1. Got at least one residue in region B:5-22 being at pLDDT 75 or above, at the interface with chain A (Cβ under 7 Å from one of its Cβ atoms) and over 30 Å from residue A:96 (Cβ atoms)?
2. Checking residue A:67 against (1) under 30 Å from residue B:27 (Cα atoms); (2) at pLDDT 90 or above, only one condition comes out false. Which one?
3. Taking the condition at the interface with chain B (Cβ under 9 Å from one of its Cβ atoms), surrounded by fewer than 18 Cβ atoms within 10 Å (Cβ to Cβ) and not in a loop (DSSP other than H, G, I, E, B), does residue A:93 pass?
4. Out of region A:58-74, which residues are exposed (fewer than 15 other Cβ atoms within 10 Å of the Cβ), facing chain B (nearest Cβ under 10 Å) and either without any contact (Cβ under 8 Å) to a residue 24 or more places away in the chain or within 35 Å of the chain's Cα centre (by Cα) (or both)?
5. Based on what the data block shows, is residue A:39 away from chain B (no Cβ under 11 Å), of a type in the set (D, E, K, R), assigned to a helix (DSSP H, G or I) and surrounded by 11 or more Cβ atoms within 10 Å (Cβ to Cβ)?
6. Could you identify the single residue in A:25, A:55, A:11 that is closer than 20 Å to residue B:11 by Cα and either within 11 Å of chain B (Cβ to nearest Cβ) or at pLDDT 90 or above (or both)?
Amino acid sequence: MQSQKFSYNCLKLPVIWVAIEFVRLNSGRIANIEERVSKLAASSMLSIFPQVPILVYIGYFQEIVFPADCIFSICMLLLMVVEFIFCFQMLRRLIKMKTLSFYRDCIEEASQMRDKQLKEEADVAYWSRRKMEESLTNADRYETKEHRLKE
Amino acid sequence: MRQRTSSLPLAVLLYFNVFYSIIYAIVIGVLVLEKRNLRYQSQIQQFLIQFVYGTSKSRFIRIDTVISDAIAKVLIQLPKTTSDMGCY
């Protein structure tokens, strides 16, 4: 009974580790190709938890620890630390780029709106001036007509 | 032209990590089976265990020896003569 319990405990963590590692690596790969902040952040977060604690447990705190467990876990931990550093650098760069592009889009949008407003104002001024000119010419015509009639 | 922000070192590390993870998973799986004491007596499992856990009790098994042993075991179990098969 106890051996069965031990065997299940032994199996649980490696299975969880494999499942999460697949998700982590896949999201990291997609984030690197498509430059996605959310997926890259998810990948780096998964590296910290639960992957590192599971690796430490497998390497040092199991009931029976083989030398191979320890060596492979240390190599994996080193690899994950280096990966996390690069992930973090890229995340910072990506966030900076996205922020800059957002501000640039905002400025472009504001300038477009200003141009549109100026154009509308210019149109309104043109048409009102034209209307005024037309009314003036009509008034002139009317006055001349009246003047002729009086004469 | 827009500047790309993808990281080459990260891509290389991820690529390497995929292979390392597969190897790690196999090794950890084999070691867990060893710890569970669930040996299926398969030669390839014994080979992997001895490959990983180098200072094993018995001699280091080479893969060609494993294959030849397996073939020999199968051949021994085959009937040698027609009388063994129950024919006259």
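The values are calculated or read from the model by the stated rules, or taken from the named source; none is laboratory data. Not measured: the values here are computed from a predicted model. As a convention, Cβ positions derive from the backbone with ideal geometry for all residues, glycine included, and neighbour counts pool all protein chains shown.
1. Checking region B:5-22: at least one residue is at pLDDT 75 or above, at the interface with chain A (Cβ under 7 Å from one of its Cβ atoms) and over 30 Å from residue A:96 (Cβ atoms).
2. Residue A:67 satisfies every listed condition except (2).
3. yes
4. Within region A:58-74, A:64, A:67, A:71 qualify.
5. yes
6. Unique residue meeting the criteria: A:25.
Residue-by-condition table, conditions (1) exposed (fewer than 15 other Cβ atoms within 10 Å of the Cβ); (2) among the hydroxyl-bearing types (Ser, Thr, Tyr); (3) part of a helix (DSSP H, G or I):
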position	(1), (2), (3)
A:10	no, no, yes
A:27	no, yes, yes
A:53	yes, no, yes
A:56	yes, no, yes
